[in-house]
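One structure is given below, encoded as structure tokens.
The values are calculated or read from the model by the stated rules, or taken from the named source; none is laboratory data. Treat the numbers as computed from the prediction; the structure is a model and nothing was measured. Cβ atoms come from the backbone with ideal geometry, glycine included; neighbour counts cover every protein chain shown.
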Amino acid sequence: MSTGYFSHRSKLYLTDLFNGLVTANHILHNKDVVDGYGHISVRNPDAPDDAFFMAHAIAPALVSSQADIVQYSIATGEPLEKSDETKSNFIERYIHSEIYKKFPGVNCVVHSHAPEVLPFSINHVPLKAPVHTSAFLGKLSFCFASFSAWQLAPIALPFYKDGLLNVIRGRTGTDTPVWDIGSTYSSGDPHDMLVRSKKLGGALAQCFAKPATSVNFIRTKLTETITGTHNGPSTTPDFPVVLMRGHGFTVAGPGIEETVYMAIYTVQAAKIQTSALLLSNAYFAGKIEGNVDSDNGGKIKNGTIKNPKEPHYLSGREVKDATEAIWNTAQRPWQLWKREVECLPLYVNACSSEGEEGG
Ligand SMILES: [Zn+2]
């Protein structure tokens, strides 16, 4: 028996895991997170350091049985079973293997090319946490420590003035990182934007951690000094979502349900933020405050042109509290999304789930 990755269950049979993985493929397609492309994987709870499961290279909507699921090596990204080597495997399976390798606390990975998110990967507009259901996008690991930013303020201000003030004032959460594959290519690599090697997958996985800046170094040292702890390398990502320039995005989470939730609500967040920015531009851009000289070709006289205003994103405190609140209810939408795909004839799930209730 396995223990594991549906976080609201204490025990899990592998049959349940496969059933959940097939359902997750269907949900991601039904919610337009994936189309013919995109994939989801889950760590093998019986060999957590060595293996993960994902479908071989077929469209997510058509994954239907255990025969479609392949066990891959975390070390190499290659199939563990000889019989699976003849199947076509996703070129980008190294996204999954390298994230599992770097973060032992990650048990599920989703990769998507959702078009609503893609503009944020190419135009330098940061994807933030616009609403509470997407608060995880604004995750500030600093805020997730067991002490409050207020307690830290007198000590940390000289070292981390701007960043800390943003947290204290509740200005904003973090920007979602964007990984540029172009910075990792060797001249001999195909420049096709695909994560087709361990080297490229490793570079993407690195973006889920805070960059090794001097500010982050000081922040870590401050945290260790104040809490009396000395932390090794983090087992969980600092960011649950990383955008990939001109390609898509990847989500890394603690379980299937949570990761599917974050993938769906990353797309929702992109839609909401885009709408907010367009609305702001439509409403504010070009508005003139002051006098216009109508006799002189409409030139502005004693006036100014108003600029669009930045949307009011979630504050650091709101990011923290909303993420905790939503996390406690992630089962609710999962049950709805599961029922939706069960009712649609396109989706077939032939994996048994007899262990589900017994676990
Ligand atoms: Zn891709």
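The table that follows gives values for the structure above.
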quantity: Which listed residue is under 18 Å from the mean Cα position of the chain (by Cα) and either surrounded by fewer than 23 Cβ atoms within 10 Å (Cβ to Cβ) or at positive phi (or both), from His39, His29; calculated: His29
quantity: Scope region 163-174; condition outside any helix (DSSP H, G or I) and either surrounded by fewer than 17 Cβ atoms within 10 Å (Cβ to Cβ) or at pLDDT 95 or above (or both); matching residues; calculated: Gly170, Arg171
quantity: All positions within region 27-41 that are small (Gly, Ala, Ser), assigned to a loop (DSSP other than H, G, I, E, B) and more than 9 Å from Ala114 (Cβ to Cβ); calculated: Gly36
quantity: Which numbered condition Pro126 misses (of (1) more than 16 Å from the ligand (Cβ to nearest atom); (2) assigned to a loop (DSSP other than H, G, I, E, B); (3) out of contact with any helix residue (DSSP H, G or I) (no Cβ under 6 Å at 6 or more places or on another chain); (4) more than 24 Å from Ile272 (Cβ to Cβ)); calculated: (4)
quantity: Selection count where residues are modelled with pLDDT under 95, assigned to a helix (DSSP H, G or I) and within 24 Å of Met262 (Cα to Cα), scope region 56-114; calculated: 0
quantity: Counted residues, region 63-81 - those being under 30 Å from Glu342 (Cβ atoms) and not aliphatic (A, V, I, L, M); calculated: 8
quantity: Whichever residue in region 72-98 is within 18 Å of Gly36 (Cβ to Cβ) and in contact with a Gly (Cβ under 6 Å, 6 or more places away or on another chain) and, among such residues, is surrounded by the most Cβ atoms within 10 Å (Cβ to Cβ); calculated: Ile95
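So that you can scan it fast, the table gives a plain yes or no per residue for (1) of a type in the set (Asp, Glu); (2) at pLDDT 90 or above; (3) under 30 Å from Phe18 (Cα atoms):
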site	(1), (2), (3)
Ser280	no, no, no
Gly297	no, no, no
Lys309	no, no, no
Lys320	no, no, no
Thr329	no, no, yes
Gln335	no, yes, yes
Glu340	yes, yes, yes
Val348	no, yes, yes
Gly358	no, no, yes
